[in-house]
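Notes follow once the structure below has been shown.
Values quoted throughout were computed directly from the atomic coordinates according to the rules given, and no laboratory measurement underlies them. None of the values given here were measured: they were computed from a predicted structure. Virtual Cβ from ideal backbone geometry, glycine too; neighbours counted across all protein chains shown.
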């Protein structure tokens, strides 16, 4: 069973040991797989001018370190957003896709990507601040990308177990249409 860094399905006490596969469309949880395997595509992580691992990792590390210093008040959290938007290049290759300034590095070793506003985020003390994000807390807690629905279970399990880190995983999992069996002209299992 995968150790989940955090999940929205149960209380804080149970979230690190539960198996969320039964709770998501398609029966395989793809968002937060392990300490190092996670995806931030729905947060617009890859909607930046420089897609290199080095750039994204530095951007996320900076955000994470700065957010750790932010008092958990509405004003301070919104000021953090303004700071990030002033500091970072706001050119977005896909103008219709939002890029969330609250995505950062999460987990004990800060080796995965995730939401800095999540109730299990460092310093949040169980309080869900995602309502301050562009899409609000409900969207962030309930949205599942197309890969959850359109990829077969074996493909999803293979992707979950074969990715090297959050960067490679997020790039693969976001390309569901390229991974469909009818696109590669061969079933994964016969």
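Exposure proxy shown here: for 133, 34, 95, the number of other Cβ atoms within 10 Å sets the order, fewest to most, as 95, 34, 133.
In terms of surrounding Cβ atoms within a 10 Å radius of their Cβ, 145, 39, 140 rank from fewest to most as 145, 140, 39. Shape call for region 51-117 from the C-alpha gyration tensor, a ≥ b ≥ c root eigenvalues: rounded (a/c under 1.5), prolate (a/b greater than b/c) or oblate? The shape class here is oblate.
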